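S.K.: Let me begin by handing over the structure; questions about it come next.
The values are calculated or read from the model by the stated rules, or taken from the named source; none is laboratory data. Fair warning: this is a prediction, and the values are worked out from it, not measured in the lab. Methodologically, a virtual Cβ is constructed for each residue, glycine included, from the backbone with ideal geometry; neighbour enumeration extends over all protein chains shown.
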Amino acid sequence: MAYPYVSDVEVRIISKYFGDPAHRRIDTYIERGGYKALGKALTLEPEKVTEEVKVSGLRGRGGAGFPTGIKWSFMPKEPTRPHYLLCNADESEPGTFKDRELIRWDPHQLIEGCLIGAYAIRAQHVYIYCRGEFFEVNQILARAVEDAYTKGYAGENILGTGTTIDITVHQGAGAYICGEETGLMSSLEGDRGEPRVKPPFPAAVGVFGMPSTINNVETLAAVPHILMNGGEWYRQWGTEKSPGTKLFCVSGHVQRPGNYELPLGFPLIQLIEDVCGGMRDGNELKAVIPGGSSVPLINSEDARNCALDYEGCVEVGTMLGCASVIVMDHKTDIVKQVRRMVDFYAHESCGQCTPCREGSAWTARILRRIEEGQGTEEDLDTLMEMTEQMVGTTICVLSDSVAAPVQSSIEKFREDYLKLIRTSKQAGAA
Amino acid sequence: MAKFVTLTIDGQKVSVPQGTTILEAARKVGKHVPHYCYHPGMSSPAMCRLCLVEVEGAPKSMPSCVTTVTEDQVVRTDSEQAVGNRQGVLEFYLVNHPLDCPICDMSGECDLQDYVHEEGRVHGRSEEPKRVFGRDDFGGDVLFYGDRCVMCTRCVRFMNEVEQDQRLTVVERGNRSVIDTFFEEGLEGTHWHGNIVDVCPVGALVSKDFLYKARAWDLEHTPSICPSCSQGCNIELHTRDNLIQRIKPRENLEVNGWWMCDYGRHNYGWINRGVRIEDPLVQGLDRATEPMKWRDALDQLLQRVELIGEGIGIKAVATPFASNEDLGALAELVDVLGGGDMVYRSSCTEEEIVLKGFPTLARRKDLAPNTNGAELLGFTRVGDDEARGGLDDIATHDGVLIVLGDRLSDQSEDFGQQAKLFLYLGDEQSPAASNAHFVFPLTTFAEQEGSFTNIAGRVQRFSPALEAPGMARPGWLILGVLTAELNNRDAPRTAAESFFGLANRIEAFAGLTYEDIGDAGAVLNETLVLSES
């Protein structure tokens, strides 16, 4: 056993050196074959690099699962204006802790991925937008970037090829919404972290009004491996539509929570019972949120039939998101759990769009009232109806994220709500 | 030539130039899509989410304020989906809105009130206590009622994009977000902030000047032209009880867009002033003045003119606050009496105050509405930048002296002492007019129909908003009757007729009629347009 917990069924590609502090040092990284992929990429045409990523079928690991190679190919071919690559390291989805670990244990893997990505889209500047609360991670990353400059992997004339790519690490100031791609851009420009209307899409008008591509840390971390070993190599794991491996951040009521790198398509129940050693204290599984707090939660029955890939999750009515698996046992108070998540979103809503600004806070208040035993059955109808108005009606999807746990919990765990409502009625009658 | 795109909105086909938004296209077929954050004069953040419409083939509702039209697009603004969305958004607005309409200045002209009345739910479902922000003084003329705010950010964007003086911002986030000022001075010292009260769709930003003065439904709205500088902003005079309660800008993209400056907006006290000349006054032999009926006063004046005979020099002083018609009538009378000097005086400031985001609009140096008209009609500027002095010749003139509108506030009581005939037409009694043989009461621009010629040579009409005091009459009518009787012809009965006569006499105005000018104004022959140096 190493790094809090590991499992034999894991396929550790990007998480191979988790738990090994020596790997943070650039010398160790180079010794272990680091920055070779960058050297290889720089000898290829940028389109060729993009092509390799396309072949691999790598999909965005930030939650949306958009094919990375295709995203890169949206960038203008002949740069007339500066291009930017943005690395989204503002990991703030409740239940997610993969990017933090990726940077903390293997910062050079990310830096190398960023450099390759920047080369592929003809960007001369990479911004790594790192969550401000990650103090240690920010220090490690800043040190690593400095080392990469010193060794000639970043900055001007990289490896003598004449390519210039600068890297700037930017610390966020503590807003969930800055993890949304256009919100991140607004924040990076020095404005309030408010998402922007699309179109125009970032590849046309991104940060500072220039063509930009934004990728998640985990996505970029996989890029050096794909470049080194080829796109087809990456496809040996995962499914046809969701190839490769993925870090699963398991939290909640399991014996061994933690980060596990597994091929996509891995059965959820196996993740809980085998990889994580089953439920704590032998309790019963009640609910799972498979993709971070903004996706619908599922009950134990659906969890047993859920394959952890982008399509498999949709089949059981939820989403893979960023694969932050939150496991809840039968002792969990679902209403309280949902209320806490909605409180979070109400607090983090940027406040631009009316349905989100007003709706999330209103939802939180109703849930609080139900939780405190003052709810009625009509409240549940109101919740269902009003959250329906919050889906697909706003600039970004934060408001959809409020609706997801509320709607899915009322549908699948209505009894939990009714129990609270009935108790309050009886108490009132007495 | 812009390419045109044809689409269907609520079953009606419409062709609009490429790049038009759905919201604007819908306006063309008479469909008003409710909206808050969108304002044609500013960028669209598409954040109020009220203007979402159903677009066939689109996976979700589209914000019509930023979605541009495409060929063969099928848009529904009144479908179940679109109406349902609006109903939902409106309910969200009311979760925290205090519904204090009975004490809200905006009540009666509030978009939230209107939209909820039209499409909102009859009963709100929110039982939760409302969030409370309270009231804040934003400085300048603006009070902020945070609880009423719908967070459209028009005010923030006006200050950032149009005035380009960032004084407001959104602080906090989520439903704790609120508009606030940066520093203690807030909006103090800015020149255009009154516009944020206009763009606020609800009663969150209100004018201190107008606070609790009148209910919106009690106000009469009269289209007019701002008399406070030579820009000629299109405005509306809002009146009640025969008093101007406030001035609002009226849209005219050629002149002022949707805006007006704070100076012009608040410079209406003089129009409401109570002490006025109300009767034609005629000086008797004992130098005592006697009020008379118009007919008698005019007869006496005509007799006097006949007695004097021809060949006596005429000097006339007019105010550039007078309309083209008034000035034109004066010029014609002077001409009929044998010609003479015609001068005007006007106040000027050192600098223009340009609205940066709409640079064709500025508070001009020249603080009178019709100096351009006066110049074109043959008047010469005299005096200093405070509209003082320059009348030394005229004060001691021994011929015919006519003063139109100029209050002669810098002149002594000896003014016009030697004049054979001294006719003073004004709205207010002046000590310098004590030698006048005839004092005729004039209406102000707010009490009469007429037109001004602005700095760009644009002739624009205004309408009467107030009842004239006593027997006060417009200058064009009084002078027109005099001229007509001297020439033995019919006098103009309307300002339009007066203008028609003027257009026949003066080349610069040739061919123009009141109909051509319309609501939007018409530009004179460009070569004749004077520029402010």
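S.K.: Within the stretch A:184-196, count every residue that is more than 11 Å from chain B (Cβ to nearest Cβ) and either crowded, with 22+ Cβ neighbours inside 10 Å or touching a strand residue (DSSP E or B) at 6+ places or on another chain (Cβ under 9 Å) (or both).
M.R.: 4
S.K.: Now, a different point. Give the residue, chosen from B:134, B:146, that is away from chain A (no Cβ under 12 Å) and touching a residue at least 40 places away in the same chain (Cβ under 8 Å). Working first, answer last.
M.R.: Working: B:134 fails: touching a residue at least 40 places away in the same chain (Cβ under 8 Å).
Of the residues listed, the single one that is away from chain A (no Cβ under 12 Å) and touching a residue at least 40 places away in the same chain (Cβ under 8 Å) is B:146.
S.K.: What is the one condition in (1) surrounded by fewer than 20 Cβ atoms within 10 Å (Cβ to Cβ); (2) within 14 Å of chain A (Cβ to nearest Cβ); (3) part of a loop (DSSP other than H, G, I, E, B) that residue B:169 does not satisfy?
M.R.: The failed condition is (3).
S.K.: Among the residues of the stretch B:410-442, which ones are part of a loop (DSSP other than H, G, I, E, B), touching a residue at least 40 places away in the same chain (Cβ under 8 Å) and either under 18 Å from residue B:475 (Cβ atoms) or touching a Cys at 6+ places or on another chain (Cβ under 9 Å) (or both)?
M.R.: The answer is B:427, B:428, B:429, B:436, B:437.
S.K.: Can you name the condition, by its number, that residue B:478 falls short on among (1) at pLDDT 95 or above; (2) not assigned by TED's automatic domain parsing to the domain that holds residue B:425?
M.R.: Going through the list (1) at pLDDT 95 or above; (2) not assigned by TED's automatic domain parsing to the domain that holds residue B:425, residue B:478 breaks only (2).
S.K.: Further, regarding this structure: For the stretch A:297-346, how many residues are closer than 18 Å to residue A:276 by Cα, touching a residue at least 40 places away in the same chain (Cβ under 8 Å) and among the small types (Gly, Ala, Ser)?
M.R.: Residues in the stretch A:297-346 being closer than 18 Å to residue A:276 by Cα, touching a residue at least 40 places away in the same chain (Cβ under 8 Å) and among the small types (Gly, Ala, Ser): 3 in total.
S.K.: In the list B:83, B:53, B:5, which residue meets the criterion of being more than 28 Å from residue B:358 (Cα to Cα), hydrophobic (A, V, I, L, M, F, W, C), within 13 Å of chain A (Cβ to nearest Cβ) and surrounded by fewer than 22 Cβ atoms within 10 Å (Cβ to Cβ)?
M.R.: B:83
S.K.: Let me ask something else. Looking only at residues in the stretch B:51-101 that are of a type in the set (Asp, Glu), more than 36 Å from the chain's Cα centre (by Cα) and in a loop (DSSP other than H, G, I, E, B), which one is nearest to residue B:175 (Cα to Cα)?
M.R.: Kept after step one, since they are of a type in the set (Asp, Glu), are these residues of the stretch B:51-101: B:54, B:56, B:71-72, B:78, B:80, B:91, B:100.
Now restrict to residues that are more than 36 Å from the chain's Cα centre (by Cα): B:54, B:56, B:71-72, B:80, B:91.
From the residues that got through so far, the ones that are in a loop (DSSP other than H, G, I, E, B) too are B:56, B:71-72.
Values: B:56: 32, B:71: 39, B:72: 39 Å.
Going through the qualifying residues, I end up with B:56.
S.K.: Report the residue count in the stretch A:383-399 for those that are surrounded by 20 or more Cβ atoms within 10 Å (Cβ to Cβ) and closer than 16 Å to residue A:177 by Cα. Spell out the reasoning first.
M.R.: At the first step, the residues of the stretch A:383-399 found to be surrounded by 20 or more Cβ atoms within 10 Å (Cβ to Cβ) are A:383, A:386-387, A:389-390, A:393-396, A:398-399.
With the extra rule that they be closer than 16 Å to residue A:177 by Cα, the set shrinks to A:394-396, A:398-399.
Of the residues in the stretch A:383-399, 5 are surrounded by 20 or more Cβ atoms within 10 Å (Cβ to Cβ) and closer than 16 Å to residue A:177 by Cα.
S.K.: For residue A:387, work out the one condition from (1) under 22 Å from residue B:84 (Cα atoms); (2) within 7 Å of chain B (Cβ to nearest Cβ) it doesn't fulfil.
M.R.: Among (1) under 22 Å from residue B:84 (Cα atoms); (2) within 7 Å of chain B (Cβ to nearest Cβ), the lone unmet condition for residue A:387 is (2).
S.K.: Related question: Only one residue in A:160, A:132, A:172, A:155 is in the same structural domain as residue A:75 (by TED's automatic domain parsing), within 21 Å of residue A:188 (Cα to Cα) and free of Cβ contacts under 8 Å to residues at least 24 places away in the same chain, so which one is that?
M.R.: Values: A:160 fails: within 21 Å of residue A:188 (Cα to Cα); A:132 fails: free of Cβ contacts under 8 Å to residues at least 24 places away in the same chain; A:172 fails: free of Cβ contacts under 8 Å to residues at least 24 places away in the same chain.
Going through A:160, A:132, A:172, A:155 in turn, just one is in the same structural domain as residue A:75 (by TED's automatic domain parsing), within 21 Å of residue A:188 (Cα to Cα) and free of Cβ contacts under 8 Å to residues at least 24 places away in the same chain: A:155.
S.K.: For the stretch A:1-115, please list each of the helices (runs of 4 or more DSSP H) lying entirely inside it that holds at least 2 residues being of a type outside the set (Ser, Thr, Tyr) and closer than 30 Å to residue A:251 by Cα.
M.R.: The qualifying helices (runs of 4 or more DSSP H) are A:98-105.
S.K.: Somewhere in the stretch B:262-271, is a residue over 26 Å from residue B:217 (Cβ atoms), crowded, with 19+ Cβ neighbours inside 10 Å and not aliphatic (A, V, I, L, M)?
M.R.: Looking only at the stretch B:262-271, we keep the residues that are over 26 Å from residue B:217 (Cβ atoms), and these are B:263, B:270.
Pick out the ones that are also crowded, with 19+ Cβ neighbours inside 10 Å and you get none.
Scanning the stretch B:262-271 turns up no residue that is over 26 Å from residue B:217 (Cβ atoms), crowded, with 19+ Cβ neighbours inside 10 Å and not aliphatic (A, V, I, L, M).
S.K.: Could you tell me whether residue A:121 is crowded, with 24+ Cβ neighbours inside 10 Å and in contact with a Ser or Thr (Cβ under 7 Å, 6 or more places away or on another chain)?
M.R.: Numbers: crowded, with 24+ Cβ neighbours inside 10 Å: yes; in contact with a Ser or Thr (Cβ under 7 Å, 6 or more places away or on another chain): yes.
Spelling it out, residue A:121 is indeed crowded, with 24+ Cβ neighbours inside 10 Å and in contact with a Ser or Thr (Cβ under 7 Å, 6 or more places away or on another chain).
S.K.: Write out, first by first residue and then by second, each pair whose Cβ atoms fall under 8 Å of each other, whose residues are 6+ apart or on separate chains, and whose first residue, in the stretch A:371-391, is within 12 Å of residue B:125 (Cα to Cα) while the second is buried (at least 18 other Cβ atoms within 10 Å of the Cβ) and acidic (Asp, Glu).
M.R.: A:386/B:91
S.K.: Here's something else I'd like to know. Kindly establish whether residue B:125 is at the interface with chain A (Cβ under 8 Å from one of its Cβ atoms), within 25 Å of residue A:365 (Cβ to Cβ), among the basic types (Lys, Arg) and surrounded by fewer than 23 Cβ atoms within 10 Å (Cβ to Cβ). Can you show your working first?
M.R.: Details: at the interface with chain A (Cβ under 8 Å from one of its Cβ atoms): yes; within 25 Å of residue A:365 (Cβ to Cβ): yes; among the basic types (Lys, Arg): yes; surrounded by fewer than 23 Cβ atoms within 10 Å (Cβ to Cβ): yes.
The answer is yes for residue B:125.
S.K.: Scan the stretch B:431-444 for residues that are touching a strand residue (DSSP E or B) at 6+ places or on another chain (Cβ under 6 Å) and modelled with pLDDT of 95 or more and report the count.
M.R.: Filtering the stretch B:431-444 for residues touching a strand residue (DSSP E or B) at 6+ places or on another chain (Cβ under 6 Å) gives B:433, B:435-440, B:442.
Subset that is modelled with pLDDT of 95 or more: B:436-440, B:442.
Of the residues in that region, 6 qualify.
S.K.: Related question: Given the conditions (1) touching a residue at least 24 places away in the same chain (Cβ under 8 Å); (2) surrounded by fewer than 23 Cβ atoms within 10 Å (Cβ to Cβ), and given that residue B:491 satisfies all but one, which numbered condition is not satisfied?
M.R.: Condition (1) is where residue B:491 drops out.
S.K.: Moving on to the next point. Let me confirm something: among B:453, B:443, B:513, which residue is farther than 17 Å from residue B:334 by Cα, surrounded by fewer than 16 Cβ atoms within 10 Å (Cβ to Cβ), assigned by TED's automatic domain parsing to the domain that holds residue B:318 and under 24 Å from the mean Cα position of the chain (by Cα)? Walk me through how you get there before you give the answer.
M.R.: Details: B:453 fails: surrounded by fewer than 16 Cβ atoms within 10 Å (Cβ to Cβ); B:443 fails: surrounded by fewer than 16 Cβ atoms within 10 Å (Cβ to Cβ).
Of B:453, B:443, B:513, the one residue that is farther than 17 Å from residue B:334 by Cα, surrounded by fewer than 16 Cβ atoms within 10 Å (Cβ to Cβ), assigned by TED's automatic domain parsing to the domain that holds residue B:318 and under 24 Å from the mean Cα position of the chain (by Cα) is B:513.
S.K.: Could I ask something else about it? For the list (1) surrounded by fewer than 22 Cβ atoms within 10 Å (Cβ to Cβ); (2) on the phi > 0 side of the Ramachandran plot; (3) within 11 Å of chain A (Cβ to nearest Cβ), I need the number of the one condition that residue B:153 fails.
M.R.: (1)
S.K.: Let me ask something else. Report, by residue number, each residue of the stretch B:11-50 that is in a loop (DSSP other than H, G, I, E, B), surrounded by fewer than 18 Cβ atoms within 10 Å (Cβ to Cβ) and either within 14 Å of chain A (Cβ to nearest Cβ) or touching a strand residue (DSSP E or B) at 6+ places or on another chain (Cβ under 8 Å) (or both). Before the answer, list the steps.
M.R.: Just the residues of the stretch B:11-50 that are in a loop (DSSP other than H, G, I, E, B), to begin with: B:11, B:18-20, B:29-50.
Pick out the ones that are also surrounded by fewer than 18 Cβ atoms within 10 Å (Cβ to Cβ) and you get B:11, B:18-19, B:29-30, B:32, B:40, B:43.
Once the filter is applied, which keeps residues that are in a loop (DSSP other than H, G, I, E, B), surrounded by fewer than 18 Cβ atoms within 10 Å (Cβ to Cβ) and either within 14 Å of chain A (Cβ to nearest Cβ) or touching a strand residue (DSSP E or B) at 6+ places or on another chain (Cβ under 8 Å) (or both), the stretch B:11-50 yields B:18, B:19, B:29, B:43.
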